[in-house]
Amino acid sequence: MEETVSMADTIIQTINSIFQTLFSSIDNSVYEILDDITFIDVGILKDNLFEKLFGTTSSSGLLLIANSLLFGIALFYGIRLLYSYYMSLQIEKPFQFIFKLLIFGIIMNCSYFICEQIIQLNSLICEAIKNVGKQILGNEISFSQLIDMLNNIILIEETNFTIFSFDGLIKSFISIGLFNLIFSYSLRFIMVKIFILLSPFSFLSLINQSTSWFFKTWFRTILSLLLQQSFVAIILLIIFSVPSQDNIYSKLLYIGCIYALIRANSYMRVLIGGISTDISTNLQLGSNMLKNN
């Protein structure tokens, strides 16, 4: 009987030690990048390879393809105009088409600058929210500061930490939740860059009314992805406003706030629209597609 109890204690201590090491390692190394991938600024565009891919001039990168499409659209309209005269069809007047071609052609070639200003404005709004929180609460509104605060309340010490305690379960949920955020916000970071690369084609789609839906979808999606960081900043502000006390009430509020951070993208999609960057949702959709196939 004593040997069984001793073996059970050894197994429990081993499990506790593994999770204690895992949580400490994650806290010290992984969460530092959350602030960089979540709070996006114009630095996301300052990449030589990205600039070359986008196109530094109208005759390079994706801008070259977009300008080629612009020429193709103009050529198609010319052929259609001649055909309309022959068949007596009603189409868009040449003056209207040329005006839209010039306006949206210029906007398309300035799409890098336009995206840069949108990202800069969004970053300023987010920083304003964080600065207000810092002035009122006295804490820097960031994930790194959040981890320090949570670790002061839920201690990870080899002498008293156990995964099978209430604090252990809360710490497990918070660590898994924040680790999920790393994947979700990394996917968001990549999707923002992808939609920036698509910006010339989205502006180009405004030339024709039948393709203007692409711009509306693009704008709604990138707006949702960018505004998500301001929403995250507000959630973090709420977290830091929770009384930093070692009691069940505060810990349950922290869990609720972490869950809100995980669901931030879903809330933005309900309000504005866009695409999902929730890893669990995408994995579930992927598994459903595989089952259907």
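The values are calculated or read from the model by the stated rules, or taken from the named source; none is laboratory data. Treat the numbers as computed from the prediction; the structure is a model and nothing was measured. Glycine also receives a Cβ, built like all others from the backbone with ideal geometry; neighbour counts cover every protein chain displayed.
Within the range 58-94, the only residue that satisfies the criterion of being among the aromatic types (Phe, Trp, Tyr), more than 15 Å from Ser205 (Cβ to Cβ) and within 41 Å of the chain's Cα centre (by Cα) is Phe71.
For the range 93-116, the criterion of a residue being touching a residue at least 24 places away in the same chain (Cβ under 8 Å), surrounded by 13 or more Cβ atoms within 10 Å (Cβ to Cβ), among the hydroxyl-bearing types (Ser, Thr, Tyr) and assigned to a helix (DSSP H, G or I) is satisfied by at least one position. Checking each residue in the range 233-262 for being assigned to a loop (DSSP other than H, G, I, E, B) and at pLDDT 75 or above picks out only Val242. Filtered by the rule that a residue be buried (at least 19 other Cβ atoms within 10 Å of the Cβ) and in a helix (DSSP H, G or I), the range 131-150 gives Gly133, Phe143, Leu146, Ile147, Leu150. Given the structure, is Ser60 of a type in the set (Gly, Ala, Ser), at pLDDT below 85 and farther than 30 Å from Ile235 by Cα? Against the criterion (of a type in the set (Gly, Ala, Ser), at pLDDT below 85 and farther than 30 Å from Ile235 by Cα), Ser60 qualifies. Within the range 37-51, not a single residue is on the phi < 0 side of the Ramachandran plot, among the aliphatic types (A, V, I, L, M) and over 28 Å from the mean Cα position of the chain (by Cα). Residue count for the range 207-226 under the criterion of being among the aliphatic types (A, V, I, L, M) and at pLDDT below 90: the result is 1.
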